[in-house]
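Peer 1: Let me give you the structure first, and then I'll get to my questions.
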Amino acid sequence: MNGVSKQRLLLATRNANKTREVREILGSGWEVEDLTARPDLPEVEETGVTFEENARLKAVAGSTHYDGWVLADDSGLEVDALGGAPGVRSARFAGEGADMEANRALLIEKLRDVRGKERSGRFHCVLALAKGGEVVRVFHGTIEGVITPAERGTGGFGYDSLFVPEGACRTFAEMSGAQKHALSHRGRALAALAAYLTRGAEATA
Ligand code: ITT
């Protein structure tokens, strides 16, 4: 770190996979905490109809309890043949409280008769950055791809074993973390965030 202090941020999530990926992508110059150690803070109801609305809700809620940068990630998979579903409902596609195995099984079932290019979709990640209870900036990242008919691979999380990004032949779950992050919606959104925060830090140095 050449004597430069680490930048700190609170990631307003209880999804440990998101935290792991954010730490991997941002690297060692950042200290990233999340809400897993804060059971006292209430769950935020994701009432928004867009990723951005939900990211903003989570960022503002987290920011009222934390002195410093708070980042919220709202993300999910949009499938064209399903009119954009599961979309903002990606975590609860098979119903409230459903686990990801059930969500993936439902996606496989719904696309059973859909062939080839019709199986197109994309992952979206929207990051809302807040401070002092207000959103200061929003960052978007998207990766186009196709949904596989069956699960492939054991890496990653969520829908990774069903998604082949454009230009690749492996699913995200068949890639290393670094390979996924170089292409992923979260990697793209975080690159924009890191550039923004680094510029800000330089401007105030
Ligand atoms: P928080 O709201 O606490 O952040 P969550 O899991 O509920 O956690 P979301 O509401 O943003 O988060 O739901 C996103 C879902 O979309 C997530 O549970 C995954 O199933 C899926 N998802 C998001 N990013 C993904 C990725 O990189 N790979 C695979 N699936 C992903």
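Peer 1: Mind listing whichever residues of the range 1-32 are surrounded by fewer than 17 Cβ atoms within 10 Å (Cβ to Cβ), in contact with a strand residue (DSSP E or B) (Cβ under 9 Å, 6 or more places away or on another chain) and among the charged types (D, E, K, R)?
Peer 2: Lys6, Arg8, Arg14, Arg23, Glu31
Peer 1: On to the next question. Of the residues Lys110, Lys131, only one is closer than 20 Å to Ala195 by Cβ and surrounded by fewer than 18 Cβ atoms within 10 Å (Cβ to Cβ); which?
Peer 2: Selected residue: Lys131, the only one of Lys110, Lys131 that is closer than 20 Å to Ala195 by Cβ and surrounded by fewer than 18 Cβ atoms within 10 Å (Cβ to Cβ).
Peer 1: A further question follows. Tally time: how many residues in the range 115-145 are more than 14 Å from the ligand (Cβ to nearest atom) and closer than 21 Å to Glu101 by Cβ?
Peer 2: Count: 1.
Peer 1: Continuing with this model, one more query. So which of Ala173, Ala178, Ala194, Ala182 is among the hydrophobic types (A, V, I, L, M, F, W, C), within 19 Å of Arg119 (Cβ to Cβ) and either within 14 Å of the ligand (Cβ to nearest atom) or in a helix (DSSP H, G or I) (or both)?
Peer 2: When all the criteria are applied, what remains is Ala173.
Peer 1: Sticking with this structure for a sec: Provide a single number: the residues in the range 61-84 that are buried (at least 19 other Cβ atoms within 10 Å of the Cβ) and within 14 Å of the ligand (Cβ to nearest atom).
Peer 2: So the count comes out to 12.
Yes/no per residue for (1) of a type in the set (Lys, Arg); (2) assigned to a loop (DSSP other than H, G, I, E, B); (3) at pLDDT below 95; (4) over 15 Å from Val126 (Cα atoms):
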position: Thr19; (1), (2), (3), (4): no, no, no, no
position: Thr36; (1), (2), (3), (4): no, no, yes, yes
position: Pro39; (1), (2), (3), (4): no, yes, yes, yes
position: Val44; (1), (2), (3), (4): no, yes, yes, yes
position: Val49; (1), (2), (3), (4): no, yes, no, no
position: Glu53; (1), (2), (3), (4): no, no, no, no
position: Leu77; (1), (2), (3), (4): no, no, no, no
position: Ser90; (1), (2), (3), (4): no, no, no, no
position: Ala102; (1), (2), (3), (4): no, no, no, yes
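Peer 1: Still on this structure: What are the residue pairs meeting all of these: first residue in the range 10-22, first residue among the charged types (D, E, K, R), second residue part of a helix (DSSP H, G or I) and more than 9 Å from the ligand (Cβ to nearest atom), Cβ atoms under 6 Å, and 6 or more apart or on different chains?
Peer 2: Arg14/Thr36
Peer 1: Using the structure shown, decide if Ala203 is surrounded by fewer than 16 Cβ atoms within 10 Å (Cβ to Cβ), hydrophobic (A, V, I, L, M, F, W, C) and either modelled with pLDDT of 95 or more or touching a His at 6+ places or on another chain (Cβ under 8 Å) (or both).
Peer 2: The answer is no for Ala203.
Peer 1: Condition check: of a type outside the set (Gly, Ala, Ser), in contact with a strand residue (DSSP E or B) (Cβ under 8 Å, 6 or more places away or on another chain) and within 11 Å of the ligand (Cβ to nearest atom). Does Phe157 satisfy that?
Peer 2: So Phe157 fails the test.
The values are calculated or read from the model by the stated rules, or taken from the named source; none is laboratory data. In this text the structure is predicted, and so the values were computed from the model without any measurement. For neighbour counting, all protein chains shown are included, and Cβ atoms are generated from backbone atoms with ideal geometry for every residue, glycine included.
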